[in-house]
1. Charges at C-beta only: +1 for Lys and Arg, -1 for Asp and Glu. How large is the resulting dipole of the stretch 1-135 about its Cα centre, in Debye rounded to 20?
2. For the stretch 1-71, what class follows from the C-alpha gyration tensor (a ≥ b ≥ c being the square roots of its eigenvalues): rounded when a/c is under 1.5, otherwise prolate if a/b is larger than b/c, else oblate?
3. Assuming a ≥ b ≥ c are the square roots of the Cα gyration tensor eigenvalues, decide whether the stretch 24-132 counts as rounded (a/c under 1.5), prolate (otherwise, with a/b larger than b/c) or oblate.
4. Taking a point 7 angstrom from the Cα of ALA51 along the C-beta vector, which residues in the stretch 70-90 have backbone N less than 18 Å away?
5. Based on other C-beta atoms within 10 Å, arrange VAL157, VAL90, VAL22 from fewest to most.
6. For PHE222 paired with LEU39, estimate the spin-label separation in nm (one decimal), with each label point 7 Å from Cα along the Cα-to-Cβ line.
7. What whole number of Å gives the distance from the Cα centroid of the stretch 146-160 to the Cα centroid of the stretch 21-41?
8. When the Kirkwood hydrodynamic radius is evaluated over all pairs of different C-alpha atoms of the stretch 94-151, what value in angstrom, to one decimal, is obtained?
Amino acid sequence: MSHLHIPDGLLPVWLWLSGLVVALALVMFSLFMVRRMELRKKVPLIGMMSAMMLVGMNLEIIPIAYHVNLSVITAIILGPWLMVVTALIVNLLMAMVGHGGITVVGLNTIVIGAEGMLGYLLFSILKRLLKPGPAAAVSTVLALALSTCLMLFIVFVANVNLNVEAAHGLREILDAPTVNTFFDVFSVNKDFDFRLFAYAALGLGTLGWSIEAFVTAAAIKFITRVKPDMIA
């Protein structure tokens, strides 16, 4: 579950605004990369995969408080560039129903987009060595692990406070970097136990990654039997 469920007003403006700019740039680049593709034929498939991701993200696995993203299978079917466009569509729709704020749409697009793109890349490599099912499973686990780490990094950055007065000593820190001088400049929000949050996200995530890997592998295995050209 590498999706940020953060309501509006909690993240620093510079963070969510930067995420929005980067996400829009990534989407524009993705549209440039598929400019020669017959997109009219892809629109129904994009709609179907977007709906599938929306259903997956809203069905929580109760015992471990985890939901599947289905981003890797989406990238395998649509390709990495259209997957980024789909990630933006899905995150916009999720924000409209209160599943995360509007201000985190950009960051969520980056996280889910990176997850799908990495899964696609890994699957492209591993399918030469393994059967499609196992290749999809391994790709999903690795992609979800990375995107979860990216999500944790964003949460960590959001809880770091910059001490402006101490920031004047940055030159001394660069000349003689030490742990003490670093923490004189940066301080983490004491009201948020990031270590506990990270342990929970990675611990429960391990189970969730396994579930999503199983679902993705089963779907890819089925598709390779009935309509292999969708993956090719």
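1. Once rounded to the nearest 20, the dipole reads 680 debye.
2. Verdict is oblate for the stretch 1-71.
3. Since a/c reaches 1.5 but b/c is at least a/b, the shape of the stretch 24-132 is classed as oblate.
4. The answer is 70-71, 74-75, 77-78, 86-87, 89-90, whose backbone nitrogens lie closer than 18 Å to the label point.
5. Going from sparsest to densest Cβ surroundings: VAL157, VAL22, VAL90.
6. It is 3.0 nm.
7. When both Cα centres are located, 26 Å separates them.
8. Hydrodynamic radius (Kirkwood, Cα only) of the stretch 94-151 equals 12.3 Å.
Every read-out reported here was derived from the displayed coordinates using simple, explicitly stated rules and does not represent laboratory data. The model shown is predicted, which means the values in this text are computed figures rather than measured ones. Methodologically, a virtual Cβ is constructed for each residue, glycine included, from the backbone with ideal geometry; neighbour enumeration extends over all protein chains shown.
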